[in-house]
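Scroll down for the structure; my scribbles are underneath it.
The values are calculated or read from the model by the stated rules, or taken from the named source; none is laboratory data. Fair warning: this is a prediction, and the values are worked out from it, not measured in the lab. Methodologically, a virtual Cβ is constructed for each residue, glycine included, from the backbone with ideal geometry; neighbour enumeration extends over all protein chains shown. The accessibility values were calculated without ligands, DNA or RNA, using every heavy atom of the protein model including side chains. Shrake-Rupley method; radii C 1.70, N 1.55, O 1.52, S 1.80 Å.
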Amino acid sequence: MEVEDKLKALSAAAQFDICGYSGVRDFVPSPRRFIHRAALPGGGSICLFKVLLTNVCMNDCAYCVNRVARDFPRRAFQPEELARAFMQLYERRMVRGLFLSSGVADNPTRTMEAMVKTVEILRYRYGFKGYIHLKILPGASFDCVAEGCKLADRVSVNMEAPTVQHLARLSKRKDLYRNIVEPMRWVKKLKAADERLAPSGQTTQFVVGAAGESDLDLLRTTSALYREVELRRAYFSPFRPVSNSPLEGRPPANPLRAHRLYQSDWLLRIYGFPLKEVELALGKKGELSLQKDPKLVIAENQPWLFPVDVNRASYEELLRVPGIGPVSAQRIAEARREHSIDSMLSLRKMRVVTSRAAPYIWFQGMLEWEKQASFIPHLEEPEEPAPSLAQVLSP
Ligand code: SF4
């Protein structure tokens, strides 16, 4: 009963950590609240047991259910107890992997040591070889982080806010550089020395809309993290007000905003668009359009790039066309080695979303589109280097 009670409390609190893509519609959790379906780094998905070691926390993050000043029942697992509970679920084939996070009970290193201990028991006593995502607590020691990287497939430190100033609005106790960016740099360094550590890399999470940050702030920091700490990916969790917290009166963030951030992040991370180009999707206040997807806005703001001749364009030029993604661009490049592309039907078979792509492409037999497309000569602009992590964190 006691374990059930802890499971209920500590898995409910873990829902605020995202471990899979969260679009407009979030993953539908299983009827068991501690089981979450998450996308695996290498593709496919997995049922994860998502839980906190404890919801006791000495920190004061203004958006968080576990913040120190909130009055509600606190619970904590012992490492043995949590490892046993996980194995019972695993043996009943209810979960295949673990996502372990925690509040900071008294001291980040001591709490993190207990988390690492839990994972050690799973790996060495129970011989569990499956997927483990281990949260690194802000302020935990280097040794703890190194130990965690040896045992887990993926690690993450939550950044929560994109700059020092924004984080200061959410917490008086967290230091963005010392507690969050430094452990991220440690992970990068550890992995550079031994690539078997945390083989699925490190991720982070931002709470969107809690600190009055703009989409530009979030995308700049995300892009700098990809370059400087080899972040695998960023998660964007829309802010939801929590009762009995300083932000309880603030309206929740629109989930569509997080969805647009994921789409922009996809352009940075998968399409390889430079940050400067993704910034073309932003309005005057650094905000993404909620009405149009960012790739479409970027295309509209670079009319000189279109129409793209699908039979001659490079892979990178094809990727700029709304409705053409990496898979369809690859298929076009392969198909035209055999024959020229001369119909919408053949493009559709290559997974091009032709309704979106039509105004931006051209091929022989489609001359009317050539007439319709506005052609403005491309003015070459000198390349500016993207801002460094230090520049974006303390602008
Ligand atoms: S450190 Fe984590 S658990 Fe503690 S208040 Fe901040 S976000 Fe919540």
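At 222 nm, what value in deg cm²/dmol follows for the chain if DSSP H runs of at least 4 each add -39500 (n - 2.57) and the sum is divided by all its residues, to the nearest 500?
-10500 deg cm²/dmol
Taking a 18 Å limit on the Cα-Cα distance, which of the listed pairs K135/K191; K189/K276; K50/K174; K150/K188; K50/K135 fall beyond it?
In this structure, K189/K276; K50/K174 lie more than 18 Å apart at Cα.
Using the Cα centre of the chain as origin and beta-carbon charges of +1 (Lys, Arg) and -1 (Asp, Glu), tell me which of L151, A333, T163 is placed farthest towards the positive end of the dipole.
Of the options given, the answer is L151.
Placing +1 at every Lys and Arg Cβ and -1 at every Asp and Glu Cβ, with all other atoms neutral, what dipole size does the stretch 2-251 have around its Cα centre, in debye to the nearest 20?
Rounded to the nearest 20 debye, it is 440 debye.
Roughly how much of R169 is accessible, in Å² to the nearest 10, using a 1.4 Å probe?
Accessible area, nearest 10 Å²: 140 Å².
Any chance you could give the angle, 0 to 90 degrees and rounded to 10, that helix 142-151 forms with the longest Cα principal axis of the chain?
Once rounded, the angle reads 70 degrees.
Pop out the carbon and sulfur fraction of the accessible area of the chain as a percent, whole number, probe 1.4 Å.
Here carbon and sulfur together make up 52 percent of the probe-accessible area.
With a 1.4 Å probe and all protein chains left in place, how much accessible area per residue does the chain have, in Å²?
Per-residue value: 48 Å².
Can you return the aspartates and glutamates within cross-link range of K172? Criterion is Cα-Cα under 13 Å, with same-chain partners fewer than 8 residues away left out.
Excluding near neighbours in sequence, the set is D60.
Out of all DSSP beta bridges in the chain, what portion is antiparallel? Express it as a percent rounded to 5.
25 percent
Where does the chain land on Rg(C-alpha)/(2.2 N^0.38 Å)?
That works out to 1.09 for the chain.
Using DSSP to define loop residues, name the GluC sites (Glu not before Pro) in the stretch 75-155 whose beta-carbon has at most 10 other beta-carbon atoms within 10 Å.
Qualifying residues, ordered by number: none.
Treating the angle as unsigned and between 0 and 90°, give the value, to the nearest 10°, between the Cα long axis of helix 2-14 and the longest Cα principal axis of the chain.
30 degrees
Please identify every one of the chymotrypsin sites (Phe, Trp or Tyr not before Pro) in the stretch 114-156 that sits in a loop by DSSP and has no more than 15 other beta carbons within 10 Å of its own beta carbon.
Passing both the DSSP loop test and the Cβ count: Y126.
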